[in-house]
Amino acid sequence: MRKILFSLIAFVAFLLAAVSFAGFPPSYLIAAPGVATGIGSKLLCSSRYVSGFSQQQSFDDLVQYSGILQELTVEYNEAQQSVTTSLFGLSEKTANHIAGIGCAIDFPGFGQRAALHTERVPGSDAKWPAGDTVGIADAAMEGLLEQLLATDNEAGLNTRAFLVAHRGRVIAEAYGQGAGSDTPLLGWSMAKSLTAIMLANLEYRGTLDLDASPDFELWQHDERSKIRISDMLTMTDGLAFSEEYNPGDDATAMLFTEPSSSEFVMGKAALHAPGSRFNYSSGTANLLARIYFEKTGGIQGNYDAYMEGIHKVLAFQNSIFELDASGVFMGSSYLYASARDWARIGQLMLNGGTINGQRIMTEDWVNRATTPNGSENQRAYGYQWWLNRGNEELRWSDIPVDAYSAQGNRQQYLMVVPSLDVVIVRLGWTAGGYPVNERFSEIVRSL
């Protein structure tokens, strides 16, 4: 026993020395086990039981984030569809899967997800975007996508899906690395763009004023009372939220160690005057999801409003929007959807807020959402959409100026180019950069 204790103390001392030498504060080491087991259990659970990847592929994807994740002890319970991870006995977490709402980390005292009445929406063979029938592909474009996918994967970029929809029709697709047209793939921060659309739907229904305060009780008696929902949509709310993704950082704590992501962010102080400074913040996106939660009546109302007003209208076929342990949608990060479902979101924007014969938001909202913001440091960002225009130089120099996109970690892209009536989707698992301007401009030139 003494020998084990001595070894553990020595190991901790070694880690302290290592992180200190690397320039990290002690809080990094303190937070690291909890973050490691949190990201491990959550991502492995969703990869296995939402996307349907094998245990090995799920683990191979996970460890790309950090070498320390190789040291996780992982236990799958296939019968209960849960994953438990531990790290040297310093931390242990379990994430469990619930049909219809995906995976989330378990926290004592938080049973909101299990209490939800969920529904399974049957698939449809109607013509896309109302269903999953896409018709005959454009041979030239399909050949190009297959070539781009092969080139990407020879270079280690791990592209898993390409899709092009032109003039309201899916004209070409290409898939690889175990993914297919019905595989729900993690979009990471592309979820933010759908979260914005959910609030747009509330505005269209007359239950939300985007130029009003979010009405959070905690903000009513300090400078945060001046924040408008529109400031939050453009990431110019001024909150002191850090998006660095190191253990001990706001973003990793929120995603992997907190039962309520929105409650964690709610306590952040004001750093800048609203509207003045752009600060990319997944925390803000989860506060936007909290607004939706509160305006739709809480746990069951939140889920029902999304299913009736968004999921069914878009005709999602293979899509799961995950909730945190408190029952609020993870508006920053956790929408899993097939390439065809991601493209439906782009088509909705191209159509000016309508799809499948129904209106989700106004055309005016689409115009506002794709207009540069008024900040002093990053104007090429709208309502949770990245814009090509707005700064001194175009974001994508070889793509039309009116292009905009949803973007996510591991180089997920949903790009809309209104002047060409085209939607382009790229999904994968890329560590580092991706040549989006080069790849997407080649697609654009081939239309």
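The average projected area of the stretch 25-105, computed from the convex hull of its Cα atoms over all directions, is 5.2 nm². Mean sequence separation of contacting Cα pairs (under 8 Å, at least six apart), scaled by the length of the chain, corresponds to a relative contact order of 17 percent.
Which trypsin sites (Lys or Arg not before Pro) in the stretch 154-228 pass both tests, a DSSP loop state and at most 14 other beta-carbon atoms within 10 Å? Passing sites in the stretch 154-228 are Arg167, Arg205.
Close amide H pairs (under 5 Å, H built 1.01 Å from N) link Asn351 with no residue at least 5 positions away or on another chain. Ranking Gly357, Ala114, Trp342 by how far each Cα lies toward the positive end of the dipole of the chain (charges on Cβ) leaves Ala114 at the top. Comparing mean-square fluctuations of Ser46, Ser86, Ser338 from a GNM of the chain with C-alpha springs under 10 Å, the top value falls on Ser86. Scanning residues 5 or more positions from Val121 or on other chains, none has an amide H under 5 Å from its amide H, with H placed 1.01 Å from N in the peptide plane.
Simple point charges give the picture: +1 on the Cβ of Lys and Arg, -1 on the Cβ of Asp and Glu, and for the chain a dipole about the Cα centre of about 180 debye. Couplings 3J(HN,Hα) for the stretch 61-70, derived from phi with the Karplus relation 6.51 cos²θ - 1.76 cosθ + 1.60 (θ = phi - 60°), are 5, 4, 6, 5, 6, 6, x, 5, 5, 5 Hz, where x marks Gly and Pro. Mean projected area of the convex hull spanned by the Cα atoms of the chain, taken over all viewing directions: 22.1 nm². For the stretch 142-185, averaging the sequence separation of C-alpha pairs within contact (under 8 Å, six or more residues apart) and dividing by the residue count gives a relative contact order of 37 percent.
Couplings 3J(HN,Hα) of the stretch 338-354, computed from phi: 5, 4, 5, 5, 4, 5, 4, 5, x, 5, 4, 5, 4, 7, x, x, 10 Hz, in residue order, whole Hz [Karplus 6.51 cos²θ - 1.76 cosθ + 1.60, θ = phi - 60°; x for Gly and Pro]. Note on Ser419 and Lys127: the model spin-label points, each 7 Å out from Cα along the C-beta direction, lie 2.9 nm apart. Comparing mean-square fluctuations of Val35, Val164, Val63 from a GNM of the chain with C-alpha springs under 10 Å, the top value falls on Val63. Considering the stretch 207-270, its Cα convex hull presents a mean projected area of 4.8 nm². Taking Pro108, Pro274, Pro259 as the candidate residues, the one with maximal mean-square fluctuation in a Gaussian network model of the chain, Cα springs under 10 Å, is Pro108.
Every read-out reported here was derived from the displayed coordinates using simple, explicitly stated rules and does not represent laboratory data. Keep in mind that what you see is a predicted model, and the values were worked out from it rather than measured. When we count neighbours, we look across all protein chains shown, and the Cβ atoms used for this are built from the backbone with ideal geometry, even at glycine.
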